[in-house]
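The values are calculated or read from the model by the stated rules, or taken from the named source; none is laboratory data. This structure is a prediction, so every number in the text was calculated from the model and none was measured. Cβ: placed from backbone, ideal geometry, glycine included. Neighbour counts: every protein chain shown. Keep in mind that these areas ignore ligands, DNA and RNA; they rest on the heavy atoms of the full protein, side chains included. Shrake-Rupley method; radii C 1.70, N 1.55, O 1.52, S 1.80 Å.
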Amino acid sequence: MSESGAYMESLGKELGIEIELSQTGAAAFELDGKVLLLQWNEADRSFVVYAELGYLDGYNDAEVLEGLLSANFLLMESKGGVLSYDRNKNMVGYNYVLPIYGLSQEEFIQKLNAVILLAQEWNGYFEEMKKEQKKIIEERIKAAENQDETVQNSEMADMRFIRI
């Protein structure tokens, strides 16, 4: 069994499912309704962990993406991970490189759990960002509708009717 395969076997036992790496070194499974992808990198002896955070909603998506991108600066706010956007799927994800050098299989599972917790934390931030942008757009729409109504009412007041 390969080094990466042993870690996947331990993870599978922990989760109660069978996990095998594909020929390209990838394994994907669903966790709490979100896809978790592990990609083995032989050269670095590490896994790249990718966790789906969710889809953009179409409300000021550029602002949401800007907020996510700024969190990647020096990996400070993203806590060592990298936030990404898959434009083909309109999906935001959290990526983390998890080196296994010197890790026991139990330590690997503990570190993977920590990465999953970070992804869940970012999922909460992402949902809040989307909610905030939706609220801003809804307020702008309501303000525009109120302005249109005010303009229409003032135009009606200025109109002179001719009595025939």
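Within the stretch 57-66, the set of residues being in contact (Cβ under 8 Å) with a residue 24 or more places away in the chain, open to solvent by less than 70 Å² (accessible area, probe 1.4 Å) and over 12 Å from the mean Cα position of the chain (by Cα) comprises ASN60, ASP61. Of all the residues in the stretch 92-102, those that are open to solvent by less than 30 Å² (accessible area, probe 1.4 Å) and in contact with a helix residue (DSSP H, G or I) (Cβ under 7 Å, 6 or more places away or on another chain) number 4.
Residues in the stretch 67-74: is at least one of a type in the set (S, T, N, Q), out of contact with any His (no Cβ under 6 Å at 6 or more places or on another chain) and either modelled with pLDDT under 95 or more than 21 Å from THR24 (Cα to Cα) (or both)? Taking every residue of the stretch 67-74 in turn, at least one turns out to be of a type in the set (S, T, N, Q), out of contact with any His (no Cβ under 6 Å at 6 or more places or on another chain) and either modelled with pLDDT under 95 or more than 21 Å from THR24 (Cα to Cα) (or both).
Residues that are basic (Lys, Arg) and within 16 Å of the chain's Cα centre (by Cα): which strands (runs of 3 or more DSSP E) entirely in the stretch 1-56 hold 1 or more of them? Steps first, please.
Details: elements: 26-31, 34-41, 46-55.
Because the criterion is at least 1 residues that are basic (Lys, Arg) and within 16 Å of the chain's Cα centre (by Cα), the strands (runs of 3 or more DSSP E) in the stretch 1-56 that meet it are 34-41.
Residue count for the stretch 105-128, restricted to those that are farther than 30 Å from TYR59 by Cβ and either in contact with a helix residue (DSSP H, G or I) (Cβ under 9 Å, 6 or more places away or on another chain) or open to solvent by 70 Å² or more (accessible area, probe 1.4 Å) (or both): 9.
Of everything in the stretch 129-164 that is open to solvent by 100 Å² or more (accessible area, probe 1.4 Å) and at pLDDT 85 or above, the residue that is nearest to VAL92 (Cα to Cα) is LYS131.
All of (1) open to solvent by 70 Å² or more (accessible area, probe 1.4 Å); (2) modelled with pLDDT under 90; (3) not aromatic (Phe, Trp, Tyr) hold for GLU3 with one exception: (1).
Within the stretch 32-45, the presence of at least one residue that is more than 21 Å from GLU3 (Cβ to Cβ) and surrounded by fewer than 13 Cβ atoms within 10 Å (Cβ to Cβ) is confirmed. Yes or no: LYS111 part of a helix (DSSP H, G or I), closer than 15 Å to PHE47 by Cβ and free of Cβ contacts under 8 Å to residues at least 24 places away in the same chain? When the stated conditions are applied, LYS111 passes them.
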